[in-house]
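The values are calculated or read from the model by the stated rules, or taken from the named source; none is laboratory data. Treat the numbers as computed from the prediction; the structure is a model and nothing was measured. Glycine also receives a Cβ, built like all others from the backbone with ideal geometry; neighbour counts cover every protein chain displayed.
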Amino acid sequence: MFLREKIPDGSKYLYDRSTLKGHAKNVILPNDETELREGIRYSSKGNTKVTISGTRMGAFGGAVPTGGDIMSMERMYGVIGAGKDENGVYLRVLPNTTVSLFNNAIASGKVLGVDGADVPDIFGMQFPVKADVSQSIGGCVATNRSGIREYVRRIKVVFSDSTFTTITRGEYIADGRRMGFPAGRNYFCFDLPDYDSDDSFGPKFSENMDLIDLFIGSEGIFCIITEADIYLSSDVKESEVIECGKTTNGMIKERYGQEAEDAVKRIKSILDTNYILNIGNLL
Ligand SMILES: Cc1cc2nc3c(=O)[nH]c(=O)nc-3n(C[C@H](O)[C@H](O)[C@H](O)COP(=O)(O)OP(=O)(O)OC[C@H]3O[C@@H](n4cnc5c(N)ncnc54)[C@H](O)[C@@H]3O)c2cc1C
């Protein structure tokens, strides 16, 4: 059974590091993915809007609620394990694992192997992009913080109808501009917009794109990230990436036109059937 609490006035959940102040009735505090799925199913049935809240370090209002409830990821943190594939070593983490917890786990030398595999050598490795130590990995992936995209190996996501799926890079590739993939009892299939987006903000679109890239940087408008595999690096990459969020949510229309915004909304209405997830980020 998930916990859903009333939010008092002035609650921390109503702010991030932007100047915006939001409003919301309740906060849902899942301890694990099962509770998160129960919570989102409950919200969907009541047609209640949900704003996903990480560590609220965003500066563009992405986590600031515009009514409805908040899905706080704050209890879903921790390192699941380390793994290795042909591209390198990675850490699998829960969404609200902070960058400091991520790096401390590596330094501790106490990380287990994922899926029963041997623990790879991760000594001297670290979180691969520049980030504040208190930011969550889920938030970094949702905003494509500092171009983390290329380091994201796999994500697990929950949709607003409570179905979930895991997506490994290379697993689902669009056929031209036609994307299709299974998720629980669903098979999602849709056309990608006609335009190619650059990597600076909002969802990524291009011909023959990888499904994982649709969700990285999409600011929680399609689904909730509940696990991420992040490749480790021996040095930290610096790069500037603009977030979209609420204070800048006209950017898709401004840069690519009204048709582009309509196309994003069309895809959202397929993946988020009740249109409840982070809708303030795509007004
Ligand atoms: C002073 C400052 C400077 C910054 N500079 C940069 C910069 O130079 N480059 C850069 O790229 N970013 C920058 N940011 C943005 C910041 O790095 C990201 O917003 C942050 O990493 C997100 O982590 P968070 O947990 O705080 O997310 P939050 O602020 O809680 O959320 C950010 C967005 O992600 C969504 N979200 C959070 N968790 C999940 C999840 N598990 N699943 C789906 N959606 C989720 C939220 O709904 C929200 O839309 C800056 C932020 C601050 C405050």
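What to note about this one:
- In the stretch 56-110, residue farthest from residue 120 (Cα to Cα) [restricted to those that are under 17 Å from the mean Cα position of the chain (by Cα), surrounded by fewer than 17 Cβ atoms within 10 Å (Cβ to Cβ) and away from the ligand (no atom under 11 Å from the Cβ)]: 75
- Qualifying residue in the stretch 245-261 (condition: in a helix (DSSP H, G or I), under 15 Å from the mean Cα position of the chain (by Cα) and within 16 Å of the ligand (Cβ to nearest atom)): no
- Residues of the stretch 49-64 satisfying the condition of being in contact with a Phe, Trp or Tyr (Cβ under 7 Å, 6 or more places away or on another chain), in a loop (DSSP other than H, G, I, E, B) and within 15 Å of residue 277 (Cα to Cα): 64
- Of residues in the stretch 12-28 being closer than 17 Å to residue 48 by Cβ and assigned to a loop (DSSP other than H, G, I, E, B), the one farthest from the chain's Cα centre (by Cα): 25
- Checking residue 92 against (1) closer than 29 Å to residue 249 by Cα; (2) in contact (Cβ under 8 Å) with a residue 60 or more places away in the chain; (3) not acidic (Asp, Glu), the condition it does not meet: (1)
- Restricting the stretch 262-283 to residues that are outside any helix (DSSP H, G or I) and not polar (S, T, N, Q), the residue that is surrounded by the fewest Cβ atoms within 10 Å (Cβ to Cβ): 283
- Which numbered condition residue 118 fails, given (1) of a type in the set (Asp, Glu); (2) within 25 Å of the chain's Cα centre (by Cα); (3) over 18 Å from residue 235 (Cα atoms): (2)
- Counted residues, the stretch 160-204 - those being surrounded by 14 or more Cβ atoms within 10 Å (Cβ to Cβ) and on the phi > 0 side of the Ramachandran plot: 2
- Within the stretch 117-141, residues that are at positive phi reach partners that are of a type outside the set (S, T, N, Q) with beta carbons closer than 9 Å, at six or more positions or on different chains, in the pairs 124/106.
- Residue check for residue 50: surrounded by 18 or more Cβ atoms within 10 Å (Cβ to Cβ), within 11 Å of the ligand (Cβ to nearest atom) and of a type in the set (A, V, I, L, M, F, W, C): yes
- Listed by position, the strands (runs of 3 or more DSSP E) enclosed by the stretch 115-199 that each have at least 3 residues that are within 16 Å of the ligand (Cβ to nearest atom) and in the same structural domain as residue 238 (by TED's automatic domain parsing) are 152-158, 164-168.
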